[in-house]
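Step one of this worksheet: look at the structure below.
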Amino acid sequence: MNEKNIRQVLEIEKEAQELQEKAKREAQEIPMRAEQEAQALLARARAEAQDEARKLVAAVQAEDRSKEIVAEVNAKNSEFEALAKKNFDKAVAFVLERVLGRA
């Protein structure tokens, strides 16, 4: 072999060695990157879950408040109906007396 061929072989071996070292470094970085990406995904999922939980709690609280308001309104309506029934006979008698001219 002549000197030119030897240099080419040495250069090719050097490039191969550099490529192998680069591949080893990249292979060592893969688990670290995967761990970082997994942590980021977990953090994002946790944040989304917390946000969804807050929305659900707010919706349930609003629904509970709505039920309370409906119950209060129904109670007031019952009170008004009871009062109306209580005074209904008196009101009818009063109106009849007025219409008949007795009052």
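The values are calculated or read from the model by the stated rules, or taken from the named source; none is laboratory data. Keep in mind the model is a prediction, meaning the values are calculated, not measured. Side chains included, ligands, DNA and RNA excluded: accessible areas come from the protein's heavy atoms. Shrake-Rupley method; radii C 1.70, N 1.55, O 1.52, S 1.80 Å.
At a glance:
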| read-out | value |
| --- | --- |
| Residue list for the range 12-33, filter: of a type outside the set (S, T, N, Q) and open to solvent by 90 Å² or more (accessible area, probe 1.4 Å) | Ile12, Glu13, Lys14, Glu15, Glu18, Leu19, Lys22, Lys24, Arg25, Ile30, Met32, Arg33 |
| Filter result for Gln61 (modelled with pLDDT of 90 or more, open to solvent by 100 Å² or more (accessible area, probe 1.4 Å), polar (S, T, N, Q) and in a helix (DSSP H, G or I)) | no |
